[in-house]
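*Asks:* Submitted below is the structure of interest, expressed as structure tokens.
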Amino acid sequence: MSIDNYAQILEDHNVKPTANRIVVMQQLARMQRPLSLAELEAEIGSIDKSNILRALNIFKDNHLVHVIEGGEGFILYELCHSHRHFDDDEDAHIHFYCENCHQTICLSEKHIPKIELPDGYSVHSANFMLKGICPKCKRVRNPTF
């Protein structure tokens with residue numbers, strides 16, 4: 001995707017397309033998995049942590065990223081491909097945390113189930129994390145001959 005495409009997506013979400021924001025968005029798109037702030041900082045290298053976090057917070061406020069509580073209690077960020085509000089987010093999906101390789105994997109085809117709440121409750125976010133062993137690690141642990 002070109003810089004112009006990223007700039008247009010930012011503008012479509014009422015976010016000014018600064019160079020730093022475009023770089024953060026490009027990195028999230030390139031990795032295609034949820035990333036921690038430390039991972040983003042290491043991957044980008046040219047932008048300090050506070051500016052990356054500032055961009056992520058703006059993205060979160062404008063529904064451009066999903067904020068996920070990671071498998072070991074840390075926060076992860078991934079691009080949101082929905083252009084709707086959380087109540088109607090077609091991109092809300094389940095994540096899997098591998099306890100062996102410590103990777104968080106998007107299960108994009110597995111959507112978070114709708115849950116009917118009692119009257120008076122209002123949901124602003126949801127986090128659906130499964131934990132276990134991923135297929136790659138399972139093959140390494142139990143190779144078949």
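The values are calculated or read from the model by the stated rules, or taken from the named source; none is laboratory data. Note that the structure is predicted; figures quoted are calculated from it, not measured. Glycine also receives a Cβ, built like all others from the backbone with ideal geometry; neighbour counts cover every protein chain displayed. SASA here: full protein model, heavy atoms, side chains in, ligands and nucleic acids out. Shrake-Rupley method; radii C 1.70, N 1.55, O 1.52, S 1.80 Å.
*Asks:* Output the number of the condition that H66 fails; it satisfies all remaining conditions of (1) more than 17 Å from I105 (Cβ to Cβ); (2) not in a helix (DSSP H, G or I).
*Replies:* Exception for H66: condition (1).
*Asks:* Please tell me if I68 is buried (at least 19 other Cβ atoms within 10 Å of the Cβ) and touching a His at 6+ places or on another chain (Cβ under 8 Å).
*Replies:* It is true that I68 is buried (at least 19 other Cβ atoms within 10 Å of the Cβ) and touching a His at 6+ places or on another chain (Cβ under 8 Å).
*Asks:* Taking into account only those residues within the stretch 4-20 that are open to solvent by 60 Å² or more (accessible area, probe 1.4 Å) and part of a loop (DSSP other than H, G, I, E, B), which is modelled with the highest pLDDT?
*Replies:* K16
*Asks:* Hey, does the stretch 34-49 have a residue that's part of a helix (DSSP H, G or I), touching a residue at least 24 places away in the same chain (Cβ under 8 Å) and closer than 30 Å to C98 by Cβ?
*Replies:* yes
*Asks:* Let me ask another. Please find, within the stretch 96-118, the residue that is surrounded by the fewest Cβ atoms within 10 Å (Cβ to Cβ) out of those that are touching a Phe, Trp or Tyr at 6+ places or on another chain (Cβ under 7 Å) and within 14 Å of E69 (Cα to Cα). Spell out how you get there, then give the answer.
*Replies:* Just the residues of the stretch 96-118 that are touching a Phe, Trp or Tyr at 6+ places or on another chain (Cβ under 7 Å), to begin with: 104-105, 107, 112.
Those still in the list that are within 14 Å of E69 (Cα to Cα) too: 104-105.
Numbers: T104: 23, I105: 17.
Among residues in the stretch 96-118 that are touching a Phe, Trp or Tyr at 6+ places or on another chain (Cβ under 7 Å) and within 14 Å of E69 (Cα to Cα), the one surrounded by the fewest Cβ atoms within 10 Å (Cβ to Cβ) is I105.
*Asks:* Where residues in the stretch 31-49 are under 22 Å from I94 (Cβ atoms) and open to solvent by 30 Å² or more (accessible area, probe 1.4 Å), which of them is nearest to the chain's Cα centre (by Cα)? Walk me through it before giving the result.
*Replies:* Start the filter on the stretch 31-49 by keeping residues that are under 22 Å from I94 (Cβ atoms), which leaves 31-36, 39.
Then drop every residue that is not open to solvent by 30 Å² or more (accessible area, probe 1.4 Å), which leaves 31-33, 39.
Details: M31: 10, Q32: 9, R33: 7, E39: 12 Å.
Result: R33.
*Asks:* Give me the pairs, please: first residue somewhere in the stretch 77-104 and more than 23 Å from A38 (Cα to Cα), second residue anywhere and modelled with pLDDT of 65 or more and open to solvent by less than 20 Å² (accessible area, probe 1.4 Å), beta-carbon distance under 7 Å, and either six or more positions apart or on two chains.
*Replies:* If the second residue must be modelled with pLDDT of 65 or more and open to solvent by less than 20 Å² (accessible area, probe 1.4 Å), the pairs left are D91/C80.
*Asks:* Can you tell me which residue is most open to solvent (accessible area, probe 1.4 Å) among those in the stretch 119-131 that are under 12 Å from G70 (Cβ atoms) and at pLDDT 85 or above? If you could, list the steps in order and put the result at the bottom.
*Replies:* If we filter the stretch 119-131 for residues that are under 12 Å from G70 (Cβ atoms), which is where we start, we get 127, 129, 131.
Filter once more, so that each one left must be at pLDDT 85 or above: 129, 131.
Details: M129: 42, K131: 118 Å².
Among residues in the stretch 119-131 that are under 12 Å from G70 (Cβ atoms) and at pLDDT 85 or above, the one most open to solvent (accessible area, probe 1.4 Å) is K131.
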